[in-house]
Each structure stands twice: as C-alpha cells, then as structure tokens.
1. Looking only at the range 205-244, filter to residues that are under 25 Å from ARG406 (Cβ atoms) and among the acidic types (Asp, Glu); which one of those is nearest to the ligand (Cβ to nearest atom)?
2. Quickly run through the range 167-194 and pick out the residues that are within 16 Å of the ligand (Cβ to nearest atom), touching a residue at least 40 places away in the same chain (Cβ under 8 Å) and touching a strand residue (DSSP E or B) at 6+ places or on another chain (Cβ under 8 Å).
3. Taking the range 307-353, which residues are of a type in the set (Gly, Ala, Ser), more than 16 Å from the ligand (Cβ to nearest atom) and out of contact with any helix residue (DSSP H, G or I) (no Cβ under 8 Å at 6 or more places or on another chain)?
4. Looking at the range 257-281, which of its residues are within 15 Å of the ligand (Cβ to nearest atom) and out of contact with any strand residue (DSSP E or B) (no Cβ under 6 Å at 6 or more places or on another chain)?
5. Tell me the strands (runs of 3 or more DSSP E) entirely within the range 61-171 that contain at least 2 residues that are surrounded by 17 or more Cβ atoms within 10 Å (Cβ to Cβ) and under 18 Å from the mean Cα position of the chain (by Cα).
6. Determine if the range 213-228 includes at least one residue that is touching a Pro at 6+ places or on another chain (Cβ under 8 Å) and at negative phi.
7. Of the conditions (1) under 20 Å from the mean Cα position of the chain (by Cα); (2) under 25 Å from PRO53 (Cα atoms); (3) not β-branched (Val, Ile, Thr), ARG435 satisfies every one except a single condition; which number is it?
8. Please give the helices (runs of 4 or more DSSP H) falling wholly within the range 182-275 in which 1 or more residues are open to solvent by 30 Å² or more (accessible area, probe 1.4 Å), more than 21 Å from GLY385 (Cα to Cα) and outside the structural domain of VAL380 (by TED's automatic domain parsing).
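The values are calculated or read from the model by the stated rules, or taken from the named source; none is laboratory data. Quick caveat, the model's predicted, so the values are computed rather than measured. Virtual Cβ from ideal backbone geometry, glycine too; neighbours counted across all protein chains shown. Ligands, DNA and RNA are excluded from the accessible area calculation, which covers all protein heavy atoms including side chains. Shrake-Rupley method; radii C 1.70, N 1.55, O 1.52, S 1.80 Å.
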Amino acid sequence: MVPPPLSPAPSAGPLNGSEDRVLDPLYAQVLRRNPGEAEFHQAVREVLESLGPVFARRPEFVDAKIIERICEPERQLIFRVPWVDDSGEIQVNRGFRVEFNSALGPFKGGLRFHPSVNVGIVKFLGFEQIFKNALTGMPIGGGKGGSDFDPKNRSDGEIMRFCQSFMTELYRHLGEYTDVPAGDIGVGQREIGYMFGQYKRITNRYESGVLTGKGLSWGGAQARTEATGYGCVLFTAEMLGTLGQDFDGQRVTVSGSGNVAVYAIEKAQQLGATVVTCSDSDGFVVDEKGIDVELLKQIKNVERGRVADYAERRGSAARFVPGAGVWQVPCDVALPCATQNELTETDALALVRGGVKAVGEGANMPTTPEALRVLQDAGVAFGPGKAANAGGVATSALEMQQNASRDSWTFEHTEDRLGEIMRHIHHTCHETAERYGQPGNYVAGANIAGFELVAEAMLAQGVI
Ligand code: NDP
C-alpha cells in the first residue's frame with residue numbers, strides 16, 4: 001500500500017455544492033477554530049453533508065446548537081511522554097486523549113501509536129467514534145487517543161517503558177465510568193497489557209473495565225480480537241444480501257495486514273470467498289489461490305514480520321509488489337482495512353472498471369471523498385467505517401459488560417451477539433436512508449442515525 005499523504009488538502013467550498021444557510025456557517029466555524037486539522041475537517045464535512053434533511057425536519061436540533069456542541073470535544077488532553085530507550089537515551093513523545101462526547105456513556109475509543117498521529121488525526125477518529133458508538137446501540141460515548149510513538153523495530157522492553165510512561169499521565173483521566181480506551185493501529189494486546197498493569201499499580205484497583213482488548217485470562221472477552229474484521233465482513237454480507245448475493249465464490253481484495261485485515265480475511269474465507277490480497281506500508285501481496293491466513297497470522301502476530309516475508313514463504317503461489325496499493329487488482333468486493341485516505345479517486349475508478357459490487361470500510365475513513373463519489377455514482381454498495389467497523393467497539397462494550405458482572409462468555413455466544421449487532425447496525429442504516437429518501441445510501445443512513453441518537457440524548461441532558 002502506498003502511504004497516504006500526511007495531510008490532505010482542507011475541504012473548502014459549500015458543503016453540498018450549493019449554499020446552505022445552516023450548515024455552511026457551521027463548517028466555516030469548524031475550519032476557523034481548528035486550523036491545520038485536515039483529517040478532522042474531512043470527517044466533519046462528511047457528516048454535515050448528510051444532515052441537511054435532519055435539520056429541516058428537526059429544527060430543535062438547530063436551536064439547541066447540537067452540532068456546534070458535538071464538533072467541540074468535551075475535553076482535549078495533550079501530554080509529554082518521556083521514556084528511556086535500550087541504549088539509555090531519553091526519548092520524548094507526545095500523548096493525546098480527546099474525550100469527545102459522553103451523552104450516551106463513558107468516553108470510549110482506541111489508542112493509536114503511529115508516527116503520523118497528531119491532534120487532527122485523533123480528533124477525526126474521536127469524532128467518527130461518537131456516531132459509530134451510537135450506532136452499536138450500546139451505552140458508550142466517543143473518544144480517541146494515542147501518541148506519535150513509532151513501535152516499529154522497538155524491543156519489548158522499550159514498548160513496555162513507553163506504555164508505562166504513557167499511562168502514568170493518562171490514568172488520572174480514565175475510569176470504567178469515565179473513559180475506557182482500547183487498541184487501534186500499533187496498539188494490540190501486548191500494549192494493552194502493559195498499560196493495564198501500570199494503571200493497576202498506580203491506582204491499586206483491579207478495575208477490569210477501564211481498558212478493553214485485554215487478554216482472556218485477565219478480563220478480556222472472547223472474539224474481541226476478531227470482532228472488527230469479522231464485523232466488517234458481516235456488515236458487507238448484509239449489503240450483499242440486499243443485492244441478492246453473498247460472499248460465497250466472491251473474489252475479495254483486502255488492504256492492510258494488521259488486526260482488522262487479518263480477521264476480515266479469515267471471516268470472508270469462512271463464508272466461501274477467495275481473498276487475493278493483503279498489504280502493509282512497503283507494498284502488497286497477490287495470492288491467487290487465496291491468502292493463507294494461518295501463515296499470515298504467524299508472520300504478523302508471532303514473528304512481527306512483513307507481508308513481503310509472507311510472499312517469500314508462500315513460494316510461487318504469491319507475489320509481492322513493492323511500493324503500490326492493492327486497488328488495481330480486480331475484485332467483486334473490496335475491504336480497505338489499513339488506514340485513512342488509502343483508497344483514492346484513481347483507485348476507485350480502477351475498482352469500478354474491475355467490476356466491484358461492494359466496498360466495506362474496515363479502517364476508519366480509508367476512502368477519500370472523491371473516491372466515495374466515484375463509487376456511489378457507479379452504484380457500488382458502500383459501507384462506511386462508522387457502521388462497517390463498529391463490531392470492534394461493540395464487542396469492547398460486551399467486554400465491559402462481562403467485566404461489570406465478573407462473567408465471561410463463550411466465543412460462540414459472543415460471536416452470535418456480534419452477528420446480531422452488525423445486522424442491527426445494517427438495518428438501522430438501511431432503514432434510516434430510506435426514511436430520508438436516499439435508499440441504499442449507507443453513508444447518509446449511518447450519519448443521520450448516529451447523529452439522531454446522540455442529539456436526542458444531548459437535548460434531554462440540557463446545555464452541557
Ligand atoms: P494494526 O496496527 O494492527 O494494522 C495496521 C495496518 O495498516 C498495517 O498493515 C499497517 O502497515 C497499515 N498502516 C497503518 N498506517 C499506515 C500508513 N500511514 N501508511 C501505510 N500503511 C499503514 O491496526 P488495526 O488493524 O487495528 O487498524 C487498522 C484500521 O482499522 C485503522 O484505520 C483503525 O483505526 C481501524 N479500526 C481498528 C479497530 C480495532 O479494533 N483494532 C476498530 C475499528 C477501526 P505497516 O505495518 O507497514 O504500518
């Protein structure tokens with residue numbers, strides 16, 4: 001996969017191509033108040049562009065300035081994270097936590113460790129998380145955090161010391177009823193373990209529900225690791241169902257090779273598809289026989305290797321293409337599962353030429369606005385991340401439920417619950433899009449349904 005531009009051009013101009021008396025000034029204010037935060041602007045613009053019909057029907061949301069309040073995080077934390085590397089040198093990183101909206105429950109959303117992390121990226125992710133969490137139907141608010149720390153090529157000891165230093169500041173802002181982080185890019189079970197250990201040590205409390213994505217023997221939930229990737233495929237299967245199709249026999253391309261990508265590949269293949277690609281920031285692999293997911297897990301999760309190693313170990317079945325993205329490979333279904341703005345207009349045109357029928361976003365905002373327009377104009381079923389990848393946070397909420405009741409459920413039970421939740425989210429988006437006269441538009445359906453849920457709660461809770 002070709003690394004996306006660090007900062008896309010800010011989205012300027014009227015929101016829906018023509019002047020809107022309510023929405024355009026709102027967006028102008030967001031641009032003014034948050035200069036240089038291009039990803040945040042992009043995420044806000046995409047939601048605002050869907051909300052015109054809601055404001056026309058529900059003027060009380062405009063009067064109560066709900067959207068102005070939603071666009072302003074409840075609290076934003078930026079802090080120093082000093083730590084000592086293996087050679088004894090002091091390193092200084094920057095930590096972030098944006099507690100965006102707690103109308104529906106404690107702030108909930110992952111932590112991302114990646115050198116590209118800045119306040120605009122954390123805010124775009126936190127903003128998306130508000131609506132995603134609402135769509136799950138679970139009692140969770142929206143937040144996000146992370147650091148510009150790069151975990152690549154760091155030893156276990158360095159990762160542990162970084163995580164401990166990060167938590168030494170963050171712990172005072174967390175709590176099972178306050179703010180509950182989880183993983184994201186660069187943060188998996190190992191990092192959650194180090195952070196949980198430090199939280200426990202500082203607070204002297206075994207507060208299992210303060211972090212999700214834990215190991216199974218210390219409060220983690222079955223199927224949480226799989227949930228985002230599995231959920232994305234289940235949501236996409238529901239979209240295919242509305243077209244009278246399913247995954248069986250489909251040719252699928254997946255980008256990324258992290259947590260979301262690996263389990264999206266696994267579930268798509270369980271449903272009878274052949275997944276022919278995976279990628280990382282060095283390039284991508286094409287494996288016409290179908291990705292060997294056990295080999296990929298061994299290389300990525302155990303050996304912490306690269307997809308080029310996968311191609312080498314797979315022999316003649318697979319080939320590695322350096323420095324390029326997967327979207328030129330023709331497919332029936334595309335699942336972008338790596339990072340934001342990785343699927344561009346050129347990629348979307350190639351996908352349409354190749355006959356793609358459905359795109360399900362496993363990653364957050366992987367499709368650029370221009371690419372989205374190409375896909376929608378071509379009639380491709382498009383599942384936006386805030387709906388299609390909500391299975392991860394929904395299962396995190398199930399982990400919190402189990403922690404609160406000191407219980408642990410079986411894999412099968414948890415996976416069944418995940419399936420029900422993904423069907424519910426699909427139904428909500430589909431039904432809402434129809435109710436607002438935009439049948440089949442899951443972007444509008446997800447934005448409107450998520451917004452309505454949060455807005456109702458904010459209206460009820462007064463001016464806070
Ligand atoms: P991982 O760290 O496990 O994997 C990320 C993958 O994306 C890797 O293959 C990585 O390649 C690639 N990648 C990340 N950033 C870049 C970049 N800037 N340029 C090129 N390649 C990149 O993360 P996850 O699988 O957890 O997350 C993937 C996406 O899914 C993110 O958008 C995340 O926000 C979203 N998501 C994750 C959830 C979860 O439960 N984990 C829940 C909902 C959404 P490389 O190793 O080369 O960097």
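1. Filtering the range 205-244 down to residues under 25 Å from ARG406 (Cβ atoms) leaves 205-227.
Adding the requirement that they be among the acidic types (Asp, Glu) leaves 207, 226.
Working: GLU207: 21, GLU226: 10 Å.
Going through the qualifying residues, I end up with GLU226.
2. Within the range 167-194, VAL180, PRO181, ALA182, GLY183, ASP184, ILE185, GLY186, VAL187, GLU191 qualify.
3. Scanning the range 307-353 gives GLY315, SER316, ALA317.
4. GLY258, ASN259, VAL260, VAL262, TYR263, GLU266, LYS267, ASP280, SER281 - these are the residues of the range 257-281 that are within 15 Å of the ligand (Cβ to nearest atom) and out of contact with any strand residue (DSSP E or B) (no Cβ under 6 Å at 6 or more places or on another chain).
5. 90-101, 107-113, 142-147
6. No, the range 213-228 contains no residue that is touching a Pro at 6+ places or on another chain (Cβ under 8 Å) and at negative phi.
7. (1)
8. On the way: elements: 189-203, 224-242, 259-270.
Helices (runs of 4 or more DSSP H) meeting the threshold: 189-203.
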